[in-house]
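The structure under discussion appears below in the form of structure tokens.
What follows is calculated from the coordinates using simple rules that are stated; it is not laboratory data. Not measured: the values here are computed from a predicted model. FYI the Cβ positions are ideal-geometry reconstructions off the backbone, even for glycines, and counts take in every protein chain you see.
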Number of protein chains: 4
Amino acid sequence: MDDRIVNEILEFRDERGWKQYHNPKDLAISLSLEVAELLENFQWSSSEEAVAKRMLSIKEELADVLIYSVLFAEAVGLDLDEIIMEKLSKNSKKYPVEKAFGKKEKYTEL
Amino acid sequence: MDDRIVNEILEFRDERGWKQYHNPKDLAISLSLEVAELLENFQWSSSEEAVAKRMLSIKEELADVLIYSVLFAEAVGLDLDEIIMEKLSKNSKKYPVEKAFGKKEKYTEL
Amino acid sequence: MDDRIVNEILEFRDERGWKQYHNPKDLAISLSLEVAELLENFQWSSSEEAVAKRMLSIKEELADVLIYSVLFAEAVGLDLDEIIMEKLSKNSKKYPVEKAFGKKEKYTEL
Amino acid sequence: MDDRIVNEILEFRDERGWKQYHNPKDLAISLSLEVAELLENFQWSSSEEAVAKRMLSIKEELADVLIYSVLFAEAVGLDLDEIIMEKLSKNSKKYPVEKAFGKKEKYTEL
């Protein structure tokens with residue numbers, strides 16, 4: 001992720017003196033709460049209806065998920081780009097194209 | 001987020017013909033499942049114990065949260081960097097430094 | 001909830017010496033993990049498909065949600081029947097029949 | 001669970017004409033949202049602090065988890081007491097007392 005964005009997020013935290021609260025366990029809880037707020041937009045709705053009516057909230061909650069992902073990564077010392085590339089490489093072994101193509105099953109069921 | 005990373009993620013999806021399943025509602029559910037897998041590392045543990053013993057799993061599950069965030073953003077047509085910057089700007093009004101400094105309360109309780 | 005069931009659950013915990021780990025925060029995390037396992041059955045599926053193909057898992061994960069609800073209630077000293085009746089009474093004021101009938105909106109949007 | 005409580009919950013739903021929205025997938029999402037609201041009480045707090053300061057909210061959100069569990073069970077045709085007893089029996093094989101005593105590890109790690 002762009003260093004400028006990461007820095008803006010960390011600066012936001014530090015200007016408010018919040019680093020003291022940002023232990024990994026509570027940040028993982030926070031991520032879980034933000035994802036629930038994102039998911040709430042889809043409760044009782046199809047994707048189409050949610051996207052048509054609730055895009056502002058969807059946008060803001062997704063942003064919060066990303067902001068907390070950056071804060072979590074910083075708290076445990078991980079680099080986002082690096083872990084994504086590593087995970088894609090691992091996933092490509094769990095889901096080889098020839099077995100996974102067009103299938104929605106989990107790798108344990110392929 | 002770096003275009004190269006976003007493209008790797010979308011290519012991973014497209015090589016497997018998975019776009020057909022990636023409606024926003026199911027992607028929001030997926031995000032929620034991946035965050036739960038991240039959080040599982042902290043169940044019955046302090047942050048310190050989890051980080052010491054389960055870093056590999058923490059790293060992989062955080063990566064999955066980010067990968068699904070990218071897939072979700074693409075499915076609804078959002079740019080990650082843009083929505084993060086917008087949300088930080090909005091949050092700075094909800095949490096003005098002079099009111100929020102050193103406090104862990106929600107903006108509704110400040 | 002039936003005392004016999006509650007007692008079976010607490011006995012299961014105590015025979016294994018698990019009460020020492022059962023603080024409310026970790027039990028709330030556990031509830032969140034079990035609900036994610038329930039929800040996983042519906043990822044990429046309609047309700048109908050999930051119910052047709054995954055009923056065994058749905059049944060087991062719902063049971064885990066209930067078992068952890070009982071363990072959580074016991075850890076914080078709450079009676080399940082009592083809090084349900086109280087909440088229904090509160091909800092009936094938030095959602096008066098004449099305003100809420102046939103509507104899926106949250107009370108803040110009615 | 002006590003038939004009287006289950007009936008109160010179903011009556012609450014039916015007086016408001018909400019059964020039409022209560023498909024299992026959206027009810028599983030609802031459960032996930034209610035558990036997040038319960039968990040929110042523990043964000044940035046120890047169990048002790050949360051229980052001391054936020055008991056009213058804890059009580060109400062746990063009640064909502066139970067209410068949605070009843071609604072979900074009804075929607076898919078499950079009996080709560082029965083599935084709990086079955087799951088306890090299964091768990092006692094996954095976690096035999098002699099292996100699990102005093103251990104917080106998952107059965108896959110015992």
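In peptide B:83-94, what is the residue-averaged number of other protein chain Cβ atoms found within 10 Å of each Cβ?
What the average comes to for B:83-94 is 5.
From the helices alone, meaning DSSP H stretches of at least four residues, give me the mean residue ellipticity at 222 nm for chain D, per-run term -39500 (n - 2.57), in deg cm²/dmol to the nearest 500.
Calculated mean residue ellipticity at 222 nm is -22500 deg cm²/dmol.
Between D:VAL76, D:VAL97, D:VAL51, find the one with the highest GNM mean-square fluctuation for chain D; connect C-alpha pairs within less than 10 Å.
In the Gaussian network model the winner is D:VAL97.
By how many degrees, between 0 and 90 and to the nearest 10, does the Cα long axis of helix B:3-15 differ from the longest principal axis of chain B?
Helix B:3-15 and the main axis of chain B meet at about 50 degrees.
How many partner chain Cβ atoms sit within 10 Å of a residue's Cβ in peptide D:13-25, on average, as a whole number?
Taking all residues of D:13-25 together, the mean is 6.
If one takes the longest principal axis of the Cα atoms in chain C, at what angle in degrees, from 0 to 90 and to the nearest 10, does the Cα axis of helix C:55-76 lie?
Here the helix axis deviates by roughly 70 degrees.
Can you grab the distance from the C-alpha centre of region D:70-84 to the C-alpha centre of region C:35-110, Å, no decimals?
Going from one Cα centre to the other spans 11 Å.
Can you quote the Å³ per residue value for the convex hull of the Cα atoms in the protein assembly as shown, rounded to an integer?
Measuring per residue, one finds 142 Å³ for the Cα hull of the protein assembly as shown.
About the Cα centre of chain B, what is the dipole size in debye to 20, counting +1 per Lys and Arg Cβ and -1 per Asp and Glu Cβ, all else neutral?
So the magnitude is around 600 debye.
Using only Cα atoms, tell me the angle between helix D:24-40 and the longest principal axis of chain D; keep it within 0 to 90° and round to the nearest 10.
Rounded to the nearest ten degrees, it is 60.
For chain B, just the Cα set please: Rg and Dmax, both in angstrom.
17.3, 51
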